Amino acid sequence: MKKSWYLKHSDRLFFIPLAWFCLFLFSGLLFYTPLVQAEGIPQVMFIFDASGSMWGTAGDQTKIEAAKEVMAKIVPELPSEVKAGLTVYGHRKKGDCSDIEVLVSPGEADRDALLAQLKAITPKGKTPMADSIKMAADQLKRVEDETVIVLISDGEETCHADPCGEVKTLKQSDIKFVLHVVGFDVNDQQKAQLTCLAEAGGGQYFGATDTQSLLGALETVKQDVAQKVEKAKTTTRKAVSKLGKLQITLPESARRCLHTLKIIRVSDGKLLKKVEDPKADATHPLLAGKYEVIAGYANSNYRPDSEVSLGVFEIKGGETAQINMGAMAINLADSLQKIPAGAVIISKEGDDSFRLITPYTGNSYYFYKTKPLPPGVYDFAVHYKLRDRYHTSDTPVVLGESIEIQEGKESVVTIDSGFQLKKSQSTPLDAWELIPAGGDKAILRIEPASNGDHPLWYPYAVPPGTYDLMVFPEGMTEPLPVGEGLTINKGELLQFDAGI
């Protein structure tokens, strides 16, 4: 007996063949969508010879009249999806090799305008074929699909030393084109050169001696274009997976601080996945939908993580969404290692929702470890309120501003300037304040702790600048301005003796 799955409902037993069950399960991961391939529709660029020799006769007409007549028939018969352009040489000046003009840019759908331009052409000049092909090709650099270039000429190159070599060079570039050449009433030498151009351009050479044979040549080109259009219009049906992926990367140096990653489905708020100690590069398969990613940054003494959202990301079937993080490395000077920080705060400029707070939880192990961060611009601050018994300013001190974090790279913020008040030997203090010169609000206010005055004498990291120092002697009703215009330079810890 074949292996089967049995589902029990009440007292009934249902029998499901294993193959059917697997097919049912797998079909939940796939949906089928008809995809019409609109890509690959070719364009056509005509290069028209308007050199003086086009006034010669071919059959019972001048070559210019025959060519205009044939073009007036062929252009309207091109498949409706095909857009056409027109480049002409030799129509404005005699003896000028630079007389080349793109009269209708590639990608234009107005065929009446093209024929009107063609009708007004009067042959005059030379035969700069190579430069005309190059100018036409330059117009095609941003065209993704192949363009069919059709050169109609009654003579050989008169301006370029190696037209065939020029076409070979263009063909080796990233420009997608095929060059067909129609030689209209040419001799053997001219035919050889025109044939070389066609072969170098990956196309065919067609010979014509009168109006009918010219029409036949361009009919063949038209049919070739029509076949390419039909091929490009082929409809296919593809299976597209509902399963996508989320790839999260970060610098290896920043892994220590990232303790967890949570992936939450936005539609119902359900936690779908929790990753502990994430790798520097990991990919997570997810069904199509929107997901919020929460980063949990480690805190010491097994305290709960500090969590911030990395944002909401849309997962599409068969595609991979990416979160490529950078990192902030904190370089704290040796002279400031003992600053009594109560928290380190990293905030993202222009995004109030991103504020990473690493609190003091018994030690400062994670304070200055390299932090993984999404790309953006950040500020780095320290809060000096260590514990409840430490009475300091409520406002954090910003020590690094506008630090740019880039994908996969590590940016360094250096904290190397600070202030330290020399311990008073005789006068007890209720507090001291450091105020930016010319301001009225203290950047730092330090008061004694409930178990001693030691916070008053610690070193404190502050930004470089000029400050005024106010001390509050115990029992006095107003502060004493003991230091005015104190300059703290970058890379300097200013130790100040207030003389009290």
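Here are the numbers for this structure:
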{"read-out": "Subset of the stretch 131-171 [without any contact (Cβ under 8 Å) to a residue 40 or more places away in the chain and of a type in the set (Gly, Ala, Ser)]", "value": "ALA161, GLY165"}
{"read-out": "Scope the stretch 292-312; condition in a strand (DSSP E or B), open to solvent by 10 Å² or more (accessible area, probe 1.4 Å) and farther than 21 Å from LYS409 by Cβ; matching residues", "value": "GLU292, ILE294, SER306, GLU307, SER309, VAL312"}
{"read-out": "Residue selected from the stretch 315-359 under the condition in contact with a Lys or Arg (Cβ under 9 Å, 6 or more places away or on another chain) and either hydroxyl-bearing (Ser, Thr, Tyr) or assigned to a helix (DSSP H, G or I) (or both), by the criterion farthest from LYS490 (Cα to Cα)", "value": "THR320"}
{"read-out": "Residue that is aromatic (Phe, Trp, Tyr) and within 19 Å of PRO42 (Cβ to Cβ), where the choices are PHE177, PHE184", "value": "PHE177"}
{"read-out": "Residues being over 40 Å from the mean Cα position of the chain (by Cα), within 19 Å of GLN43 (Cα to Cα) and crowded, with 16+ Cβ neighbours inside 10 Å - total across the stretch 75-116", "value": "2"}
{"read-out": "Residues (open to solvent by 10 Å² or more (accessible area, probe 1.4 Å), touching a residue at least 40 places away in the same chain (Cβ under 8 Å) and not in a helix (DSSP H, G or I)) located in the stretch 37-59", "value": "GLN37, ALA38, GLU39, GLY40, ILE41, GLN43, GLY56, GLY59"}
{"read-out": "Count of the stretch 405-421 residues which are part of a strand (DSSP E or B) and open to solvent by less than 20 Å² (accessible area, probe 1.4 Å)", "value": "6"}
{"read-out": "Filter result for GLY28 (farther than 28 Å from ASP112 by Cβ and modelled with pLDDT under 95)", "value": "yes"}
{"read-out": "One residue from GLY183, GLY201 being open to solvent by less than 20 Å² (accessible area, probe 1.4 Å), touching a residue at least 40 places away in the same chain (Cβ under 8 Å) and not acidic (Asp, Glu)", "value": "GLY201"}
{"read-out": "Residue check, VAL344 at pLDDT below 95 and within 16 Å of VAL462 (Cα to Cα)", "value": "yes"}
{"read-out": "Sole exception among (1) at pLDDT below 95; (2) closer than 20 Å to MET135 by Cβ; (3) buried (at least 22 other Cβ atoms within 10 Å of the Cβ) for ALA66, by number", "value": "(2)"}
{"read-out": "Count - residues of the stretch 226-254 that are modelled with pLDDT of 90 or more and not in a strand (DSSP E or B)", "value": "5"}
{"read-out": "Out of SER402, SER424, sole residue that is assigned to a loop (DSSP other than H, G, I, E, B), over 21 Å from TYR297 (Cβ atoms) and not charged (D, E, K, R)", "value": "SER424"}
{"read-out": "Residue check, GLY439 on the phi > 0 side of the Ramachandran plot and either in contact with a strand residue (DSSP E or B) (Cβ under 6 Å, 6 or more places away or on another chain) or free of Cβ contacts under 8 Å to residues at least 60 places away in the same chain (or both)", "value": "no"}
{"read-out": "Matching residues, the stretch 254-291, being exposed (fewer than 15 other Cβ atoms within 10 Å of the Cβ) and among the polar types (S, T, N, Q)", "value": "SER267, THR283"}
{"read-out": "In the stretch 371-397, residue farthest from the chain's Cα centre (by Cα) [restricted to those that are open to solvent by 30 Å² or more (accessible area, probe 1.4 Å) and at pLDDT 95 or above]", "value": "ASP379"}
{"read-out": "Search result, residues across the stretch 448-500 that are open to solvent by less than 20 Å² (accessible area, probe 1.4 Å) and either more than 19 Å from PRO436 (Cα to Cα) or acidic (Asp, Glu) (or both)", "value": "ALA449, PRO455, PRO473"}
{"read-out": "Count - residues of the stretch 265-291 that are in a loop (DSSP other than H, G, I, E, B), small (Gly, Ala, Ser) and under 27 Å from SER253 (Cα atoms)", "value": "1"}
{"read-out": "Residue satisfying condition, being hydrophobic (A, V, I, L, M, F, W, C) and touching a residue at least 60 places away in the same chain (Cβ under 8 Å), within set ALA333, ALA343", "value": "ALA333"}
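Yes/no per residue for (1) touching a Cys at 6+ places or on another chain (Cβ under 8 Å); (2) farther than 30 Å from HIS454 by Cα; (3) charged (D, E, K, R):
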| residue | (1), (2), (3) |
| --- | --- |
| ALA288 | no, yes, no |
| ILE294 | no, yes, no |
| ARG303 | no, no, yes |
| GLY317 | no, yes, no |
| GLU349 | no, yes, yes |
| THR361 | no, no, no |
| PRO375 | no, yes, no |
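The values are calculated or read from the model by the stated rules, or taken from the named source; none is laboratory data. Computed from a prediction, not measured in an experiment: that's the story for all the values here. Positions of Cβ are backbone-derived with ideal geometry, glycine not excepted, and every protein chain shown enters the neighbour counts. With ligands, DNA and RNA removed, areas are computed over all heavy atoms of the protein, side chains included. Shrake-Rupley method; radii C 1.70, N 1.55, O 1.52, S 1.80 Å.
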